[in-house]
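K.L.:
Have a look at the structure that comes next, please.
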Ligand code: KG4
Ligand code: ZN
């Protein structure tokens, strides 16, 4: 079976063609970074308009790359939520309309399920059950995964998402949007130990997260310690270490509570090298293993949507004819396969 995946929930237009026997046949991505850079963050209306411009050309490019056409497809998967409603509507209406026109089923995919299943696109894929740390720009979640659609949310952020905290702190440090990767780069020049930020909510039981205090700690330090280049790098280092440590402490706790030895990390922040290294070391110590997608599939992309859509399509879980988006959509409300 073969499926076209469309991702348009935020500021990336991602298109992919996935075949359940041959694997990924095409993968096209357009990032809107330049469109939003002047504003220091995503402008929803500009995002929607850019998705309108890019989606069809990218679908054409994906067919060209895969060397096939619409007649070879068994379905179309599109991100129906969560995300920016206007942006979601673009992918939803194009995906749903093409499926109607080509007389094939459409599948409405949950964006975070896409992230969660992205490690399955790699050769060495995790077996169920596993614990998933989902760390993106919009969400931070710890999930116990018994199978596809069998999700128990063990904890989530009570305020900013991890990626959001990276982006906001980067902005305070005068870095361009999107700040997460920039802050990580600056942190490599930082000296460890000059500043130490708190590890929020690790001193009490539970698996929820809070990151807004860290951003405030960084803001206060910038005010008091100055903003010369070395100080900024030292602050970036301290901030990143605090986030990574906090995430690692919570992962360890979740693995101990569930008795599971397999951890996956996914979402934009899972591209962070320090986080990967820290969790790899931790899992070695626990005789377990950590899995993550290749870097380009950590951030938003069409491949993860095509993959998740394929699993739902094979289970006959297709979308109704109406163009329905779900900007807010709890992950644990998804049906099992
Ligand atoms: O998953 P994603 O592409 O979009 C959402 O679903 O939100 O995640 C984007 C987030 C942004 O906040 C970005 O700054 C962060 O992931 N990010 C990183 C890194 N690469 C992307 N944060 C820290 N270190 C990185 N290397
Ligand atoms: Zn995402």
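K.L.:
Cβ contacts < 9 Å: first residue under 21 Å from residue 63 (Cα atoms) and without any contact (Cβ under 8 Å) to a residue 12 or more places away in the chain, restricted to the range 95-118; second residue part of a helix (DSSP H, G or I) and away from ligand 1 (no atom under 16 Å from the Cβ), any location; separation 6+ or different chain. Result?
P.N.:
From the range 95-118, the pairs are 101/70.
K.L.:
Collect the residues in the range 283-317 that are more than 22 Å from the chain's Cα centre (by Cα) and part of a loop (DSSP other than H, G, I, E, B), keeping them in residue-number order.
P.N.:
286, 287, 288, 315, 316, 317, listed by residue number.
K.L.:
If I go through the range 165-199 residue by residue, how many of them are within 7 Å of ligand 1 (Cβ to nearest atom) and either crowded, with 23+ Cβ neighbours inside 10 Å or at positive phi (or both)?
P.N.:
So the answer is 6.
K.L.:
Right, another one. Quick check on my filter: what residues within the range 154-182 are more than 28 Å from residue 130 (Cβ to Cβ) and either without any contact (Cβ under 8 Å) to a residue 60 or more places away in the chain or over 18 Å from the mean Cα position of the chain (by Cα) (or both)?
P.N.:
Listed by number, the residues that qualify are 168, 169, 170, 171, 172, 173, 174, 175, 176, 179, 182.
K.L.:
Within the range 293-314, identify whether any single residue is surrounded by fewer than 23 Cβ atoms within 10 Å (Cβ to Cβ), more than 16 Å from ligand 1 (Cβ to nearest atom), free of Cβ contacts under 8 Å to residues at least 40 places away in the same chain and more than 20 Å from residue 123 (Cβ to Cβ), and answer yes or no.
P.N.:
no
K.L.:
Given the conditions (1) within 16 Å of ligand 1 (Cβ to nearest atom); (2) surrounded by fewer than 22 Cβ atoms within 10 Å (Cβ to Cβ), which single one is not true for residue 83?
P.N.:
Result: residue 83 passes all but (2).
K.L.:
Still on this structure, please answer the following. List pairs: first in the range 243-270 and on the phi > 0 side of the Ramachandran plot, second in a helix (DSSP H, G or I) and within 16 Å of ligand 2 (Cβ to nearest atom), Cβ under 9 Å, 6+ apart or cross-chain?
P.N.:
Final answer for the pair search is 267/112; 267/115; 267/116; 267/118; 267/162; 267/163.
K.L.:
Does residue 21 meet the test of being part of a helix (DSSP H, G or I), at pLDDT 95 or above, over 16 Å from residue 91 (Cβ atoms) and away from ligand 2 (no atom under 16 Å from the Cβ)?
P.N.:
Answer is no for this residue.
K.L.:
Okay, moving on. Out of (1) assigned to a helix (DSSP H, G or I); (2) within 16 Å of ligand 2 (Cβ to nearest atom); (3) farther than 20 Å from residue 114 by Cα, what's the single condition that is false for residue 51?
P.N.:
Checking residue 51 against (1) assigned to a helix (DSSP H, G or I); (2) within 16 Å of ligand 2 (Cβ to nearest atom); (3) farther than 20 Å from residue 114 by Cα, the one that fails is (3).
The values are calculated or read from the model by the stated rules, or taken from the named source; none is laboratory data. Note that the structure is predicted; figures quoted are calculated from it, not measured. Backbone-built Cβ (ideal geometry, glycine too); neighbour counts: all protein chains shown.
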